[in-house]
Amino acid sequence: MAGNLRRETLSVKGMCCLSCVRTLREELSALSPVRLTVRIGEVEIEFDEESTSLERIHEAVADAGFEVMTLLKEQKIEEVKEYVREHLSDPEALRLSLLSRTMLVSPFHLSRTFSLLEGETLQEFIARTRMERAAQLLRETERPILDVCFEVGLNSTSHFSKQFKKHFGLTPLAYRKDPSKSKKQRFFSKIENDVGKHLSYLVDRIHGHVAPGHGKHPH
């Protein structure tokens, strides 16, 4: 009796003829699917998750010499980002090859789609997340710099210090002493100050304290 049935439609890259269809059908039939339809460029498959998995099906497609083209939606990208946050201390888990296998997509597709949707590369996101997590630990704990370095997945304090200073404009030790001096903090403080000045100017205009065309608009 069937257990937990799942149905998937997969777009497959690399298929160009009926011979490809036969090859892939034979490979997937070995997984004993409940239903299977193979066409050029597409597979419809229903399977019991107690006996096989979507990952195994992707592997079978690869074994046949083809590639599943999984479309990454924004929800999937959020899963990638959450995975990165949860595995910051494990550099091996954040290798593109392993991360793409975990998300059941090709490394190229993962990298390309992440960049398109996020406006930064996956590696840039990982590096930024590491430094932001390190900054949080420096602000909120008394843990030694070396521990913070390891916690964010780096094994060299000199490399950590260099990357941290590149990101925040301060060494980790200097940041811990006074986070307000970091270049990011100064940037946001300037924005807050400019917004405050602009709001004050608008309030004065509303109450007639500044006549139209008179007084300087804050920049």
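What follows is calculated from the coordinates using simple rules that are stated; it is not laboratory data. Keep in mind the model is a prediction, meaning the values are calculated, not measured. Glycine gets a Cβ as well: all are built from the backbone with ideal geometry, and neighbour counts include every protein chain shown.
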Just the residues that are closer than 22 Å to Ser100 by Cα and not hydrophobic (A, V, I, L, M, F, W, C), please, taken from region 8-57. Glu8, Thr9, Ser11, Lys13, Gly14, Gly41, Glu42, Glu49, Thr52, Ser53, Glu55, Arg56
For region 107-121, indicate whether the set of residues that are surrounded by fewer than 13 Cβ atoms within 10 Å (Cβ to Cβ), touching a Ser or Thr at 6+ places or on another chain (Cβ under 9 Å) and touching a residue at least 12 places away in the same chain (Cβ under 8 Å) is non-empty. no
Filter pass, Val43 being within 25 Å of Leu137 (Cα to Cα), surrounded by 14 or more Cβ atoms within 10 Å (Cβ to Cβ) and out of contact with any Cys (no Cβ under 7 Å at 6 or more places or on another chain): no
I'm trying to understand the selection: among the residues of region 15-38, which are loosely packed, with under 14 Cβ neighbours inside 10 Å and either of a type in the set (D, E, K, R) or under 18 Å from Leu104 (Cα atoms) (or both)? Arg22, Glu26, Arg35
Pairs where the first residue, in region 165-176, is among the charged types (D, E, K, R) and the second is not in a helix (DSSP H, G or I), C-beta under 8 Å, 6+ apart: Lys165/Thr171
Restricting the first residue to region 124-147 and requiring it to be charged (D, E, K, R), which pairs with a second residue that is assigned to a loop (DSSP other than H, G, I, E, B) meet a Cβ separation below 9 Å and a spacing of at least six or different chains? Arg128/Glu120; Arg130/Leu88; Arg130/Val152; Arg130/Gly153; Arg130/Leu154; Arg133/Leu88; Arg133/Val152; Asp147/Thr141
Since Leu116 meets every condition but one in (1) closer than 30 Å to Met15 by Cα; (2) in contact with a Cys (Cβ under 8 Å, 6 or more places away or on another chain); (3) not aromatic (Phe, Trp, Tyr), which condition does it not meet? (2)
So Thr37 fits all but one of (1) in contact (Cβ under 8 Å) with a residue 60 or more places away in the chain; (2) farther than 26 Å from Glu151 by Cα; what number is the exception? (1)
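Tell me which residues, restricted to region 134-166, are assigned to a loop (DSSP other than H, G, I, E, B) and of a type in the set (Asp, Glu). Break it down stepwise before answering.
In the first step, residues of region 134-166 are kept if they are assigned to a loop (DSSP other than H, G, I, E, B); the result is 141-144, 152-156.
Of everything in region 134-166, just one residue is assigned to a loop (DSSP other than H, G, I, E, B) and of a type in the set (Asp, Glu), namely Glu142.
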Matching residues in region 46-55 - criterion: being under 27 Å from the mean Cα position of the chain (by Cα) and surrounded by 14 or more Cβ atoms within 10 Å (Cβ to Cβ): Ser53, Leu54
